[in-house]
Amino acid sequence: MRLRIFHTTRYVYPIQASESHNEVRLMPLSDDDQTCLDFRLKLTPEARVFAYDLPSGRVHYFDTRLRHSELAIQAESLVITHRQNPFRFLPSGGDAEDGEFYRRESVRQDYAEFLTGTDRVQLYPEVDRIAAVARKQASGAGTVPFLMALTRQLYRVLAYAPGSTSVNTTILHVLEHREGVCQDFAHLMLAICRRQGIPARYVSGYLYTGEDHPAEQGDGTAAGASKDPEAPHGLVSGNAMHAWVECLLPDNRWHGFDPTNNLLTNDYYVKVHTGRDYGDVPPVRGVYRGPFAHTLEVSVRVTSDPV
């Protein structure tokens, strides 16, 4: 599937800032599941852009010493997704065989960073209750049925509530209030998986929800967004980047699970970066010299791009 992504971030200051230094993680990955055909970054005020590559993705960085009352970062990407059928997982050999894989010293050493807790993914024993329910509801023995049941369970017990949490909201807060955004769903699932000894990592990216180019009225004005009739209904990602989880399965490959939408990742998902938690993958991170007060505006649009 060809997807075009428009992502705009604007910082507006009440008085001019004198300089700004930033890193951005906005370029989609190219891997076995997708290919990034084009990526363009436009900055206001203009600045020279540099980049370096990490195993988790490409990072662009820039700085400006021009006085400015607004910093705008506009990213446009064109991606082809070619993810394999998500249901064609490695056949599970049951709890005993899968457990043997996860107990291997090589697995525990190679993926140690995705088995331990972080500031945002603290491994509280309280999350084990959700894991126990998911195991009872799983359609069979083994890791895959458990993860599918866990994805479904989180979708059922948590309410998607934009604005109810922040990037620093704790897992205990989410458990108590049972609401959050995709980041919170992902952090909670990471904690549960790691407590169960399953390496799991945070994924930031985009989700095509079927809302395409604005439809036009007879006079040429926009009349709302047209809906792709083949897209799943009811998908949510907010007017920002989306987040989900990838787990290492006994086929020694990462597979994606989206508890926010109760889905296994498919061709509607575009990966940008992976990490231990949100702290490893923020779309924009930087410092500036200027007034503390500022406003932030973020706009994301993902559309299908016919050949």
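General observations
- A cut-off under 13 angstrom between Cβ atoms defines the neighbours of Thr295, and their net charge, with Lys, Arg +1 and Asp, Glu -1, is -1.
- Rg/Rh for the chain (Cα atoms only, Rh after Kirkwood) is 0.99.
- Cα→Cβ-extended label distance, 7 Å offset, between Asp53 and Glu70, nm: 3.6
- For a modelled paramagnetic label at Ile80, 7 Å from Cα along Cα-to-Cβ, the residues of region 29-48 in reach, with backbone nitrogen under 15 Å, are 30-39.
- Ordering of 169-175, 187-193 by packing [mean C-beta count within 10 Å, highest first]: 187-193, 169-175
- The chain - percent relative contact order, Cα under 8 Å, separation 6 or more: 29
- The trypsin sites (Lys or Arg not before Pro) of region 275-307 include none that DSSP puts in a loop with a beta carbon having at most 16 other beta carbons within 10 Å.
- For the chain, size of Cβ-based charge dipole, Lys and Arg +1, Asp and Glu -1, in debye: 420
- Cα long-axis angle, helix 182-195 against the chain (0 to 90 degrees, to the nearest 10): 30
- Spin-label pair Lys136/Arg103, simplified geometry with 7 Å Cα→Cβ offset, distance in nm: 2.6
- Cα gyration tensor shape for region 116-169, rounded if a/c is under 1.5, else prolate or oblate: oblate
- Counting only alpha carbon atoms, the long axis of helix 143-157 and the longest principal axis of the chain meet at about 60°.
- Nearest-20 debye value, region 1-139 charge dipole, Cβ charges on Lys, Arg, Asp, Glu: 520
- Between Gly142 and Asp95, the built amide H atoms are under 5 Å apart, and every one of these is 5 or more places off in sequence or on another chain.
- Cα-based helix-to-principal-axis angle, 128-137 vs the chain, degrees rounded to 10: 70
None of the figures in this text is laboratory data; all of them are computed from the coordinates on show. Because the structure is predicted, anything quoted here is derived from the model rather than measured. Virtual Cβ from ideal backbone geometry, glycine too; neighbours counted across all protein chains shown.
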